[in-house]
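The numbers here are math on the coordinates, done by the rules we state, and not lab data. Quantities reported herein were computed from a predicted structural model and do not represent experimental measurements. Here Cβ is always computed from backbone atoms with ideal geometry, including for glycine, and neighbour counts include all displayed protein chains.
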């Protein structure tokens, strides 16, 4: 089998509702879909979700890279030799992790289709479904409670609340949401680098009655020692998100005990292949893993889902980036039932564009 062609096209997806986190308000998401074609009639699909704030990428640059950089490397090559192809591409695309992720998932898609197996089984098949959290951005207290009750009514069992701009407001919102949704709902909190160490310690102490499951990336990513101080100073698990971009980051976090958990996002780390290596480092260090996402079309969410289902220590999922995207051409790539995600169980990633 040989690769004959690669095609890429951008899709601007409006959000049904904009949302706010500690450092930005998001109203739309630019995704880039790719299709890798082979001489055997098997096509592989992938999706990139670039973000200047998180991955340092712009959609226009990635589209140029497809023709100028990716095509010359992969055309005529055997798509089943993905490790070799990805290593070659990394030499040229060190600062473009989301387009690397798109190519990586497309090659895995071809592998699954060639083997007539859904990817999660091909990668190990530890579980066949996973519960996902759903995220509520920074909103006034009443609106936050309304959104929390809405998602509870939809069957979700886990909420992630965003904060980091005002510790007083964050404490109050968390406590009020817990009172509104009851004791059985899992609550997580993501400060998106907005807290100081003192803010973090105070926040965790004063929300003790809300029984938070974890706090995610409370301090700035450029000051890893602050994250470690929070980890050592609070009684709930601390998760690294923006601090984890590469395999080297994972090793540093593990070696220095900077966090209890890591959030692995395919768009940040460069795809499933890299996520599997990061996951191995985390497991060796006893760190729990959550698979997360950006504002991604369902095709990309499917790739994260297949990774999560394949490994026993990927215990948490925050795969809600496709919810509320208007006009997603891949909306049926995953199945969501009452807060639980299922694969389609078709070969590869399980979806044809």
*Label-point gap, in nm, between residue 184 and residue 154 - each point 7 angstrom along Cα→Cβ*: 1.9 nm
*Tell me, what is the FRET efficiency for residue 201 and residue 80 to the nearest 0.05, using R0 = 56 angstrom and their Cβ-Cβ distance as r?*
0.65
*asked:* Could you work out how much longer the chain between residue 172 and residue 284 gets when fully extended? Use 0.36 nm per residue separation minus the Cα distance between them, nm to one decimal.
replied: 36.6 nm
*Using only alpha carbon pairs under 8 Å that are at least six residues apart, calculate the relative contact order of region 1-150 and give it in whole percent.*
25 percent
_Gaussian network model of the chain, Cα within-10 Å springs - most flexible of 260, 295, 166_ = 166
*Classify region 86-163: rounded, prolate or oblate, from the alpha-carbon gyration tensor (a ≥ b ≥ c, eigenvalue square roots; a/c under 1.5 rounded; otherwise prolate if a/b is larger than b/c)?*
oblate
*Would you give the gap between the C-alpha center of region 113-177 and the C-alpha center of region 190-208, rounded to a whole Å?*
19 Å
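Using only alpha carbon pairs under 8 Å that are at least six residues apart, calculate the relative contact order of region 166-257 and give it in whole percent.
Details: 115 pairs, mean separation 24.7, N = 92.
Across region 166-257, relative contact order equals 27 percent.
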*For the chain, what does -39500 (n - 2.57) per DSSP helix run (n ≥ 4), summed and divided by total residues, give at 222 nm, in deg cm²/dmol to the nearest 500?*
-11000 deg cm²/dmol
_q = 0.10, 0.18 Å⁻¹, region 3-116: log10 I(q)/I(0) [Debye, one scatterer per Cα]_ = -0.31, -0.87
*Please report the relative contact order for region 68-134, taking Cα pairs under 8 Å with a sequence separation of at least 6, and give it as a percent rounded to a whole number.*
26 percent
*Taking 0.36 nm per residue of separation and subtracting the Cα-Cα distance, what length does fully extending residue 53 through residue 91 add?*
11.4 nm
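Using a/c under 1.5 as the rounded threshold, could you call region 179-232 rounded, prolate or oblate? The axes a ≥ b ≥ c are square roots of the C-alpha gyration tensor eigenvalues, and prolate needs a/b larger than b/c, oblate otherwise.
Values: a/c = 2.73, a/b = 2.15, b/c = 1.27.
The shape class here is prolate.
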*Could you please rank 23, 316, placing first whichever residue has the fewest other Cβ atoms within 10 Å of its Cβ?*
23, 316
*Top of 331, 243, 284 by mean-square fluctuation, Gaussian network on the chain, Cα under 10 Å*: 284
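Quick check on packing: order 91-103, 178-190 by the mean number of other C-beta atoms within 10 Å, highest mean leading. Present the calculation step by step, with values, prior to reporting the outcome.
Values: 91-103: 22.7, 178-190: 16.5.
Top of the packing list down: 91-103, 178-190.
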*Mean-position separation - Cα centroids, region 45-99 and region 279-353, in angstrom*: 20 Å
